[in-house]
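The block underneath contains the structure these notes are about, expressed in structure tokens.
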Amino acid sequence: MAKAKNSSKPDAGKKKLAASAPSAPGIDIGIKDADRKKVADGLSHFLADAYTLYLKTHNFHWNVTGSMFNSLHTMFEAQYTEQWTALDEIAERIRALGFNAPGSYREFVALTSIAEEPGLTDSADWREMVRQLVQGNEAVCRTARRVLEQAEKAGDAPSEDLLTQRLQTHEKYAWMLRSLLQ
């Protein structure tokens, strides 16, 4: 009986396979690299603000009490649900520009312009929740406007469109919430 060869060396007569697959081509979407970086950085700040506001809105949905419970519980749920969907669109736009989207609490805390409020007490007034959400929505709008300006300068129409849509939504949320306090 012949002994089978067990060699880890490839046969000399066989062609070597390529060492690695070809790499992806560089990004060439008609926006200069430096401009893509500026817009992606701005969108990262915008994503951090939007995520922070989402968390705050969801928190208040869970913890609202008082005479406005039912209407605010429902309003907050509608807002945080819509915000959650938008977060994915923002992150995907950052990726389309060729950069990683922030995705950790540490990154969001470092990038956001929305101050983290201390935990609310058991008897937190719904008016304070609404006030904080007005301020949060307005902060998101201010960041969106700054990034929108960068996107316009870069000729980045998809980012402009995304930011314009988000501005309309957050301005409306700020107006609706502010109306509860007047």
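Across the range 19-68, the qualifying residues are those that are hydroxyl-bearing (Ser, Thr, Tyr) and either in a helix (DSSP H, G or I) or touching a strand residue (DSSP E or B) at 6+ places or on another chain (Cβ under 9 Å) (or both), and the one among them that is surrounded by the most Cβ atoms within 10 Å (Cβ to Cβ) is Thr57.
Trp126 satisfies every condition listed in (1) hydrophobic (A, V, I, L, M, F, W, C); (2) over 15 Å from Val64 (Cα atoms); (3) at pLDDT below 95 except (2).
The criterion of being out of contact with any Cys (no Cβ under 9 Å at 6 or more places or on another chain), under 19 Å from Trp62 (Cβ atoms) and acidic (Asp, Glu) holds for Asp125.
May I ask you to say which residue of Glu128, Glu152, Glu117 is more than 30 Å from Ala24 (Cα to Cα), of a type outside the set (A, V, I, L, M, F, W, C) and without any contact (Cβ under 8 Å) to a residue 24 or more places away in the chain?
The unique qualifying residue is Glu128.
Restricting the range 104-123 to residues that are assigned to a helix (DSSP H, G or I) and not aliphatic (A, V, I, L, M) leaves a set whose member that is modelled with the lowest pLDDT is Tyr105. Within the range 152-182, the set of residues being outside any helix (DSSP H, G or I) and either touching a Cys at 6+ places or on another chain (Cβ under 9 Å) or modelled with pLDDT under 95 (or both) comprises Gln182 only.
With respect to Ala101, is the statement that it is in a helix (DSSP H, G or I) and within 17 Å of the chain's Cα centre (by Cα) true? Here the answer is no, as Ala101 does not meet what is asked.
Are any of the residues in the range 109-120 touching a His at 6+ places or on another chain (Cβ under 9 Å) and of a type in the set (Gly, Ala, Ser)? Yes - at least one qualifying residue is present in the range 109-120.
The set of residues in the range 42-88 being acidic (Asp, Glu), in contact (Cβ under 8 Å) with a residue 24 or more places away in the chain and more than 21 Å from Leu180 (Cα to Cα) consists of Asp49 alone. For the range 140-166, filtered to residues that are within 14 Å of the chain's Cα centre (by Cα) and of a type in the set (A, V, I, L, M, F, W, C), the residue that is nearest to Val64 (Cα to Cα) is Val140. Just so you know, in the range 84-98 the residues that are touching a Lys or Arg at 6+ places or on another chain (Cβ under 8 Å) and part of a helix (DSSP H, G or I) include one that is surrounded by the fewest Cβ atoms within 10 Å (Cβ to Cβ), and it is Ala86. Restricting the range 69-83 to residues that are more than 20 Å from the chain's Cα centre (by Cα) and surrounded by fewer than 21 Cβ atoms within 10 Å (Cβ to Cβ) leaves a set whose member that is nearest to Val109 (Cα to Cα) is His73.
The values are calculated or read from the model by the stated rules, or taken from the named source; none is laboratory data. Everything numeric here is computed off the predicted structure, so don't read it as measured data. Cβ: placed from backbone, ideal geometry, glycine included. Neighbour counts: every protein chain shown.
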